[in-house]
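Below you'll find the structure, written out as structure tokens, and then a few comments.
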Amino acid sequence: MAGNHVGVLNALDVAKTQWYHFTAIIIAGMGFFTDAYDLFSISLVTKLLGRIYYHVDSAEKPGNLPPNVAAAVNGVAFCGTLAGQLFFGWLGDKLGRKHVYGMTLMLMVISSIASGLSFGHSAKGVMATLCFFRFWLGFGIGGDYPLSATIMSEYANKRTRGAFIASVFAMQGFGILTGGIVALIVSTAFDHAYHAPSYETNPVASTVPEADYVWRIILMFGSVPAAMTYYWRMKMPETARYTALVAKNAKQAASDMSKVLQVDLLVEENRVEHESSKSFDLFTKKFARRHGLHLLGTSVCWFLLDIGYYSSNLFQKDIFSSIGWIPPAKTMNAIHEVYLVARAQTLIALCGTVPGYWFTVALIDYIGRFAIQLMGFFFMTVFMFALAIPYHHWTKKSNRIGFLVMYSLTFFFANFGPNATTFVVPAEIFPARLRSTCHGISAAAGKAGAIVGAFGFLYAAQSTDPTQTDAGYPPGIGVKNSLIVLGGVNFFGVLFTLLVPEAKGKSLEEISGENEDEDVVHDHQQASSVRTMPQ
């Protein structure tokens, strides 16, 4: 049934903001907190992994992960995430949102712990098991994207729906920030407990045996917030829109939402007796005609965003080193290097990443998704070019604070912009029976962009001077030219945003066009009705 014929859906659309909405944000948001922690914490420890497992005696510089290993460690979780988004997105429409919601969380908890327990008798063995478990970690994380977005959109009222969905996604910012803080605490504790000289003073002694515990603790901590919310996630009822529109059980939808909305929803018939004669599947001409350009717009925008966003996030440590904000690796011991990388990433998260998310939450239902996404891509383009074109100016010691400010602003406008809206919009504009699937496809396109960024930027950002590249890497195009490429990518994001419709202030059924389908059917056959009685 369409929203204007099933009273329970009307009740959801006009419901006042209640405590349950905030509970749902926290329950769904802790999944995203964990997602961001797990995906980005690896960037805090890759330099340490290189020192521990790829030390070369008499080498001038500390050990580095070989190019293929670094690419695998950084990118394998994204490959898992892409697969998980497609699989769980499809499964969420087939089995219901609630039934697969717990699977993704448990997969994240188990894989996060297993990542920290990666074993092997050789460096290759440890890296192989780490990559194996991070793939499955990514698979679970991937499922959380379409399910959390869809659940939150289907619970929310139409007046504040954008803010609620964006709030779930904004928990990513706290996940990134917490990853940096945990790394700071762990590295500080170990650095004080096990004093070690710098690499140039004593290459072997600069990496104490206990350093192997540092990266394991940091990675395993990601399981804690996810495990804490598992019980509450299992207690959430199925969304009324899935139950009424897809499962065709209006009575159950009314029963579930009566508890949530604290009103009496009385159903005159047990089930919705018919299904829309005009319903359509994903691979049909009707879907292509009505939502094909929408899906192209949401997918391409997310793809373009993630090329820049994830490459910048994962390789902050390289950018900070290139401008001299982090000293040369040989002047530090292994654990202190983790501390300095974590400190830099935490400052960026605090100054740019977290505030950007919450600006979106505050304003998305006032100025709309379209305007925020267009503005975000535009300013990301401007600031990326502002960093890239006078790049040598920013490498001077006196200008490093200016670089940090400009770099933070690119993250601010990513999050007060397309990083939030590309998550929100696919959960609103597609019909209920395909909503989770289409969100999964859009998100998977984003992760394809993240893979391009993670693998491509790893090589591209290497110096054009063969003597200045990391061990084992061929010369690249340099950080400056890489930033110029990313600026161009962001510009294309501006263009493809024009394909994405505005969803502000409309019901989900109105946006997706489900009303039109169901109205025709309703003219021919009377369906069950639900009426709302205030308590």
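The values are calculated or read from the model by the stated rules, or taken from the named source; none is laboratory data. Just so you know, these numbers come straight off a predicted model, no measurement behind them. Every residue, glycine as well, gets a Cβ built from its backbone with ideal geometry; the counts of neighbours run over all protein chains shown. All accessible areas refer to the heavy atoms of the entire protein, side chains included, with ligands and DNA or RNA removed. Shrake-Rupley method; radii C 1.70, N 1.55, O 1.52, S 1.80 Å.
Laid out as a table, the results:
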{"read-out": "Exclusive hit being under 11 Å from Thr381 (Cβ atoms) and either modelled with pLDDT under 80 or surrounded by 18 or more Cβ atoms within 10 Å (Cβ to Cβ) (or both), set Gly487, Gly478", "value": "Gly487"}
{"read-out": "Test set (1) open to solvent by less than 20 Å² (accessible area, probe 1.4 Å); (2) modelled with pLDDT under 85; (3) hydroxyl-bearing (Ser, Thr, Tyr) - Ser529 fails condition number", "value": "(1)"}
{"read-out": "Condition check for Thr381: crowded, with 17+ Cβ neighbours inside 10 Å, hydroxyl-bearing (Ser, Thr, Tyr) and at pLDDT below 90", "value": "no"}
{"read-out": "Search result, residues across segment 42-97 that are among the charged types (D, E, K, R) and either more than 21 Å from the chain's Cα centre (by Cα) or under 17 Å from Gly449 (Cα atoms) (or both)", "value": "Lys47, Arg51, Asp57, Glu60, Lys61, Lys94"}
{"read-out": "Test result for Thr17, among the hydroxyl-bearing types (Ser, Thr, Tyr), surrounded by fewer than 24 Cβ atoms within 10 Å (Cβ to Cβ) and over 24 Å from Val168 (Cα atoms)", "value": "no"}
{"read-out": "Residue within segment 435-442 that is among the hydrophobic types (A, V, I, L, M, F, W, C), open to solvent by less than 20 Å² (accessible area, probe 1.4 Å), farther than 15 Å from Ile307 by Cα and out of contact with any strand residue (DSSP E or B) (no Cβ under 7 Å at 6 or more places or on another chain) present", "value": "yes"}
{"read-out": "Residue among Met171, Met127 that alone is out of contact with any strand residue (DSSP E or B) (no Cβ under 8 Å at 6 or more places or on another chain), modelled with pLDDT of 90 or more and within 28 Å of Cys351 (Cα to Cα)", "value": "Met171"}
{"read-out": "Hey, Thr201 surrounded by 15 or more Cβ atoms within 10 Å (Cβ to Cβ) and either small (Gly, Ala, Ser) or part of a loop (DSSP other than H, G, I, E, B) (or both) or not", "value": "no"}
{"read-out": "Where Ala445 falls short, out of the listed (1) at pLDDT below 90; (2) open to solvent by 10 Å² or more (accessible area, probe 1.4 Å)", "value": "(1)"}
{"read-out": "Options Val489, Val500, Val485; residue that is touching a His at 6+ places or on another chain (Cβ under 9 Å) and aliphatic (A, V, I, L, M)", "value": "Val500"}
{"read-out": "Residues of segment 66-112 that turn out to be in contact with a Cys (Cβ under 8 Å, 6 or more places away or on another chain) and surrounded by 22 or more Cβ atoms within 10 Å (Cβ to Cβ), as a count", "value": "2"}
{"read-out": "From the options Glu154, Glu210, residue that is crowded, with 20+ Cβ neighbours inside 10 Å and of a type in the set (Asp, Glu)", "value": "Glu154"}
{"read-out": "Only listed residue being touching a residue at least 60 places away in the same chain (Cβ under 8 Å), in a helix (DSSP H, G or I) and either out of contact with any helix residue (DSSP H, G or I) (no Cβ under 8 Å at 6 or more places or on another chain) or farther than 18 Å from Ala443 by Cα (or both), chosen from Gly102, Gly125", "value": "Gly102"}
{"read-out": "Residue pairs meeting the criteria (Cβ under 6 Å; at least 6 apart or on separate chains; first touching a residue at least 12 places away in the same chain (Cβ under 8 Å), in segment 358-382; second among the acidic types (Asp, Glu))", "value": "Gly368/Glu502; Phe370/Glu502"}
{"read-out": "In segment 213-251, the residues that are in contact with a helix residue (DSSP H, G or I) (Cβ under 7 Å, 6 or more places away or on another chain), open to solvent by 10 Å² or more (accessible area, probe 1.4 Å) and among the basic types (Lys, Arg)", "value": "Arg216"}
{"read-out": "Scan of segment 113-124 for residues that are of a type in the set (S, T, N, Q) and surrounded by 14 or more Cβ atoms within 10 Å (Cβ to Cβ), ordered by number", "value": "Ser115, Ser118"}
{"read-out": "Test: Thr23 is surrounded by fewer than 24 Cβ atoms within 10 Å (Cβ to Cβ), under 19 Å from Leu184 (Cβ atoms) and not charged (D, E, K, R)", "value": "no"}
{"read-out": "Helices (runs of 4 or more DSSP H) within segment 204-255 that include 2 or more residues charged (D, E, K, R)", "value": "211-220, 230-235"}
{"read-out": "Boolean, His336 is open to solvent by 50 Å² or more (accessible area, probe 1.4 Å), touching a helix residue (DSSP H, G or I) at 6+ places or on another chain (Cβ under 6 Å) and either in a helix (DSSP H, G or I) or within 26 Å of Phe430 (Cβ to Cβ) (or both)", "value": "yes"}
